[in-house]
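Reviewing the structure listed below.
Derivation of every value follows stated rules applied to the coordinates shown; laboratory data play no part. The structure presented is a predicted model; accordingly, all values stated were derived computationally and were not measured. FYI the Cβ positions are ideal-geometry reconstructions off the backbone, even for glycines, and counts take in every protein chain you see.
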Amino acid sequence: MSSEPNFSENIVEAPFSDALSERYLAYALSTIMSRSLPDVRDGLKPVHRRLLYAMRLLKLDPKTGYKKCARVVGDVIGKYHPHGDQSVYDALVRLAQDFSVRFPLVDGQGNFGNIDGDNAAAMRYTEARLTEVAAKLMEGLEEDAVDFRPTYDGEDAEPVVFPGAFPNLLANGSTGIAVGMATNIPPHNVGELVDGMQRLIEARRNPAIEITTRDLLDSIQGPDFPTGGQVVEPRENIIAAYEQGKGSFRLRARWEKEELPRGLYQIVVTEIPYQVQKSKLIEKIADLISDKKLPILTDVRDESAEDIRIVLEPKNRTIDENMLMESLFKLTELEVRFSLNLNVIALDNRPRVLSLKETLDSFLEHQIEVLLRRNRFRLEKIERRLEILSGYLIAYLNLDEVIRIIRFEDDAKGGLMSTFKLTEVQAEAILNMRLRALHKLEEVEIRSEHAKLEEERAGILALIESSDLQWIAVGEKLTEVKEKFGQSTELGKRRSTFGEAPIAEAVPLEAMIEKEPITVVCSKRGWIRALKGHTKPEEVLKYKDGDEEQFRFHAYTTDKIFLFATNGKIYTIGGDKLPGGRGNGEPVRLMVDMDPNDEVVALIPYVPGAKIFVASSIGKGFVLEADQAVAMKKGGKQILNLPGDAVATHCFTVVGDSVAVIGDNRKLLVFGVDEIPTMNRGQGVALQRYKDGGMSDVMMFHREEGLTWPMGGSSDRWRTETELAPWTGKRGNAGRLPPMGFPRNNKFR
């Protein structure tokens, strides 16, 4: 019997944190280098590079026929990229979408999705081939221009990077999220990029010339998005972004005003921002209209065919079109902010954020290396051919002896080599000559070819020796790129323009809410709703079993509603955000972040410029400006600080000139409102002094009108006391027992 393996011999003890960090670092580096960040030289990630290379080997050139995408994806995942077929197909689809890529690298046939966000058809239905841009990007692959590395299974080889002179990184841009870092590069205009690089080449040839990123931006205006639009970012911000390699650009849709009969007009959006789905954009605008958050707009229609055409109808002819569009820019993705993060795999094979100048310099350095490798490859071919041609010429000069040696000697190859001092390559070439090549005209052609190759060889040697000639050659390559894909072509002409943001300001959100009367109702259990119109106080409303009305007041949809809770916080709710009057409404705790143990103390409409009085159970309170109480977050704003077991008990708008406060000890005190200080936050000041218990109730009133309270019992009679001298004192006094007949519950209401 064989003994069981001893696995304990393979156990390596190590701190868990060290083992985890090492493995996570390996994963992070793999994600950064092999998946998420593009290479500064060709602007591609491995999946894109493998896709294009596989299509090249399938001979899917721009002038040949298409092949099924399933065939392409199969080759990619089978030979080069061992990942899911759907992710590879998604990458192929994006390279074919002219609204996603500024210069498509794949020419797709079939349904490859659209700007509405619809997905492409399955890969078995679509076909693809390379574009001229992709062919240019891979130009020189067969000339030893770049290194190759083994594929994941070691059976084939793939290029480490593409050699082409097309500046793909900036021309098509890139986006990706790695571990701890990300990249986001907008597309640019190829003609402008070439102009900028020609200036850098001029500076390389003339050391007296110094070019900065700011100088380059005289040639390179900025991003050029596939879907057009208008960049409205200040020029200094654009320069700063490219100098640092990080920043953002404000991009707006392009629109125009169309005049209609009878003085009416409509807005037509013809270009939308990059990476914005048209269908979701229109859906968002429609939601704003239906929710009455944009009452100055009545309708939105999608009349797009091949071109974008989104029609917006204003409510009436008097609405300023610039103000309308500013409101839409603020509320929808008709305006977006596209970030720039030039984080790439640099020439030293490390991820780094580069400036625009550093990015272009890196690309040019790559082109110099490609140029030298291609010329050395060509030089090797020339020298091999010259060697053969020299052998041919010797054979022609000694034709009879060559024929004799071939006919009569046993080792013809050795005889030729020893007789005429030929190399093995030359002797082999002579032996492989066809008889018809012995014609006199063939000798003339060989001599002509020999002369031309000698001239070409001299030119290559001169180029290898001269950096100036190298830069001239790179410049000529870039000029070819500009002529083929630059601004003079339909593909290369600039699509995004630059401009200043209009002076017109957006309509405030509050102003766009349609003003309608509502009645705000809240029950004791905290269920809130807004009834349409101003209901009468005596109108009976239905509540859940065991629940009853606590607050009811008139307001408008444009109002803000203050909710004051026992935790001393004031929450702000928009009148238009309140649930409708059908049913019992919704729990107010769903609208604001209140703890389950907190209760609603008061619900009052916000009046700009007014003052609010707040107080706690320990008889302390203060006055604050209503404008300071508006809370922008669901968490509310802490107003009243509460020590120990104290809770907030009162909140109402300051009305009148006097304050009446009564404690649990049934002592009444009256004093002037002016004795209460105005604060923004705190415990407040003592309103009344107590030995035991706390405050029972407090109210404000006009002294001349007197203090009023209910008589109690079954009657609805009220009593008004105007002679208040016995109970009048300074704030903080103890007070005296109230007049005969004052309610036993110690409440003014």
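Can you tell which of ASN745, ASN189, THR151 lies farthest toward the positive end of the dipole of the chain, using +1 and -1 charges on the Cβ of basic and acidic side chains (Lys, Arg; Asp, Glu)?
Value: ASN745.
Where nothing but the Cβ of Lys and Arg (+1) and of Asp and Glu (-1) is charged, how large is the charge dipole of the chain around its Cα centre, in debye to the nearest 20?
On the way: 100 positive and 114 negative charges, 581 e Å.
Taking the Cα centre of the chain as origin, the dipole is about 2780 debye.
Find how much the distance from SER466 to ARG407 grows on full extension, using 0.36 nm per residue of separation minus their present alpha carbon separation; answer in nm with one decimal. Intermediate results must be reported in sequence, preceding the final value.
Numbers: separation 59, 0.36 × 59 = 21.24 nm, distance 4.96 nm.
Once the chain is fully extended between SER466 and ARG407, it gains 16.3 nm.
Would you kindly calculate the translational diffusion coefficient of the range 607-749, applying Stokes-Einstein with the Kirkwood radius from alpha carbon pairs, for 10 °C and a viscosity of 1.306 mPa s, and quote it in µm² s⁻¹ without decimals?
Details: Rh = 15.8 Å.
Taking Rh from Cα pairs, D becomes 100 µm²/s.
If each residue of separation counts as 0.36 nm, what is the full-extension length gain between SER279 and GLU380 once their alpha-carbon separation is subtracted? Numbers along the way, then the final one.
Values: separation 101, 0.36 × 101 = 36.36 nm, distance 5.76 nm.
Taking 0.36 nm per residue and subtracting the Cα distance, the gain is 30.6 nm.
On a 0 to 90° scale, report how tilted helix 16-31 is relative to the longest principal axis of the chain, with both axes built from alpha carbons and the result rounded to the nearest 10.
It works out to around 60 degrees.
Treating only the Cβ atoms of Lys and Arg (+1) and Asp and Glu (-1) as charged, compute the dipole magnitude of the range 254-333 about its Cα centre; round to the nearest 20 debye. Please report the intermediate quantities before stating the final value.
Numbers: 13 positive and 17 negative charges, 61 e Å.
Once rounded to the nearest 20, the dipole reads 300 debye.
Just check the range 647-687 against the gyration tensor rule for me: Cα atoms, a ≥ b ≥ c as the square roots of the eigenvalues, rounded for a/c under 1.5, and otherwise prolate or oblate depending on whether a/b exceeds b/c. Please list the in-between numbers first.
On the way: a/c = 1.72, a/b = 1.20, b/c = 1.43.
Because a/c hits 1.5 or more and a/b fails to exceed b/c, the range 647-687 counts as oblate.
Please go through the residue pairs LYS136/LYS482; LYS280/LYS532; LYS246/LYS357 and name each one whose alpha carbons sit more than 20 Å apart in this structure. Mind showing how you got there, number by number?
Values: LYS136/LYS482 12 Å; LYS280/LYS532 31 Å; LYS246/LYS357 13 Å.
From LYS136/LYS482; LYS280/LYS532; LYS246/LYS357, over 20 Å: LYS280/LYS532.
Among the aspartates and glutamates, select those whose C-alpha is under 12 Å from the C-alpha of LYS569, and discard any that sit fewer than 8 residues away in the same chain.
Cα-Cα hits under 12 Å: ASP593, ASP595, ASP598, GLU599.
Principal axis lengths of the range 305-394 from Cα atoms, whole Å, largest first?
The Cα atoms of the range 305-394 stretch 94, 36, 17 Å along their principal axes.
To the nearest 20 debye, what is the magnitude of the charge dipole of the range 359-485 about its Cα centre, counting +1 on the Cβ of each Lys and Arg and -1 on the Cβ of each Asp and Glu? Before the final figure, lay out the partial values.
Numbers: 20 positive and 25 negative charges, 73 e Å.
Charge dipole, the range 359-485, about its Cα centre: 340 debye, nearest 20.
Quick one: go through the range 238-272 and flag any residue whose amide nitrogen is under 14 Å from the point 7 Å out along the Cα-to-Cβ line of GLU313.
Under cut-off, by backbone N: 260-261, 264-268.
Modelling each spin label as a point 7 Å along the Cα-to-Cβ direction, I'd like the ALA686/GLU143 distance in nm, to one decimal.
With each label placed 7 Å out from Cα toward Cβ, I get 9.6 nm.
Could you tally the net charge around LEU541, taking each other residue with its Cβ under 15 Å from the Cβ of LEU541, Lys/Arg +1 and Asp/Glu -1?
Numbers: positive: LYS524, ARG525, ARG529, LYS532, LYS536, LYS542, LYS544, ARG552, ARG582; negative: GLU538, GLU539, ASP545, ASP547, GLU548, GLU549.
Combined, the nearby Lys, Arg, Asp and Glu give +3.
Along each principal axis of its Cα atoms, how long is the range 45-160 end to end? Whole angstroms, biggest number first, please.
Over the range 45-160, Cα extents along the principal axes are 42, 27, 24 Å.
Which of the pairs LYS330/LYS493; LYS315/LYS493; LYS284/LYS515 have their Cα atoms more than 26 Å apart in this structure?
Numbers: LYS330/LYS493 30 Å; LYS315/LYS493 37 Å; LYS284/LYS515 22 Å.
Violating the 26 Å limit, Cα to Cα: LYS330/LYS493; LYS315/LYS493.
Where Lys and Arg each count +1 and Asp and Glu each count -1, what net charge lies around TRP709 among other residues with Cβ under 14 Å from its Cβ? Please report the intermediate quantities before stating the final value.
Values: positive: ARG666, ARG717, ARG719, ARG744, LYS747, ARG749; negative: ASP697, GLU705, ASP716, GLU721.
Taking every other residue near TRP709 into account, the sum is +2.
Just order 146-158, 321-333, 518-530 by mean Cβ neighbour count inside 10 Å, highest at the front, would you?
Values: 146-158: 12.2, 321-333: 19.5, 518-530: 21.2.
By packing density, highest mean first, the sequence is 518-530, 321-333, 146-158.
Give the share of C-alpha pairs in each 5 angstrom bin for the range 359-485, from 0 to the last occupied bin, in whole percents, shortest bins first.
Result returned by the calculation: 2, 10, 16, 16, 12, 10, 8, 8, 8, 5, 4, 2, 0, 0.
In whole Å, what are the Cα extents of the range 605-664 along the three principal axes, biggest one first?
Extents along the principal axes, in whole Å: 35, 31, 14.
When only alpha-carbon atoms are used, what values of Rg and Dmax, in angstrom, describe the chain?
41.4, 151
Show me 40-48, 581-589 ranked by packing, highest mean number of other Cβ atoms within 10 Å first. Display every interim value, and only then the final one.
Working: 40-48: 22.9, 581-589: 16.2.
For the peptides 40-48, 581-589, the packing ranking is 40-48, 581-589.
Any idea which of VAL133, SER617, ALA429 is furthest toward the positive side of the dipole for the chain, if Lys and Arg beta-carbons carry +1 and Asp and Glu beta-carbons -1?
Sorting the options by dipole projection puts first SER617.
Taking the alpha-carbon distance from LYS413 and a cut-off under 20 Å, which aspartates and glutamates remain once sequence neighbours fewer than 8 residues away in the same chain are dropped?
Straight-line reach from LYS413, under 20 Å: GLU387, ASP400, GLU401, GLU424, GLU428.
At 1.306 mPa s and 10 °C, plugging the Kirkwood radius over alpha-carbon pairs of the range 446-593 into Stokes-Einstein gives what diffusion coefficient in µm²/s? Intermediate values should be presented prior to the final figure.
Numbers: Rh = 22.8 Å.
Rounded to a whole number, D works out at 70 µm²/s.
Identify, among LEU95, VAL601, TYR274, the residue whose Cα sits farthest towards the positive end of the charge dipole of the chain, taking +1 on the Cβ of Lys and Arg and -1 on the Cβ of Asp and Glu, with the dipole about the Cα centre.
Ranked along the dipole, the leading option is VAL601.
Using only Cα atoms, tell me the angle between helix 440-465 and the longest principal axis of the chain; keep it within 0 to 90° and round to the nearest 10.
So the inclination is approximately 40 degrees.
Suppose a student asked you for the relative contact order of the chain, using Cα pairs under 8 Å spaced at least 6 residues apart; what percent would you report? Walk me through the intermediate numbers first.
Values: 1387 pairs, mean separation 66.6, N = 749.
Averaging sequence separation for qualifying contacts and normalising by length gives 9 percent for the chain.
Taking the Cβ of ASP598 as the center, what net charge do the other residues with Cβ under 9 Å away carry, scoring Lys and Arg +1 and Asp and Glu -1?
Working: positive: LYS569, ARG589; negative: ASP595, GLU599.
Around ASP598, the charge tally is 0.
What does the C-alpha gyration tensor say about the overall shape of the range 254-333? Classify as rounded when a/c is under 1.5, otherwise prolate if a/b is larger than b/c, or oblate. Working shown, then result.
Numbers: a/c = 1.70, a/b = 1.21, b/c = 1.41.
It is oblate, given that a/c is not under 1.5 and a/b is not larger than b/c.
Measure off 7 Å from each Cα along the Cα-to-Cβ vector at ASP302 and GLU514, then give the distance between these two points in nanometres to one decimal.
For the pair ASP302/GLU514, the computed spacing is 2.5 nm.
Helix 399-408 versus the longest principal axis of the chain: what angle, 0 to 90°, nearest 10, using Cα atoms?
Approximately 80 degrees, to the nearest 10.
Label points 7 Å out from Cα along the Cβ direction at LYS421 and GLU22: separation in nm?
Roughly 6.4 nm, to one decimal.
Between ASN322 and THR270, what is 0.36 nm times their sequence separation minus the Cα-Cα distance? Round to one decimal in nm.
On the way: separation 52, 0.36 × 52 = 18.72 nm, distance 1.58 nm.
Result for the pair: 17.1 nm of gain on full extension.
Sort 114-124, 50-60, 386-396 by packing, meaning the average of other beta carbons within 10 Å per residue, with the highest value first. If you can, show how the numbers build up before the last one.
Working: 114-124: 14.9, 50-60: 20.8, 386-396: 18.1.
Going from most to least packed, we get 50-60, 386-396, 114-124.
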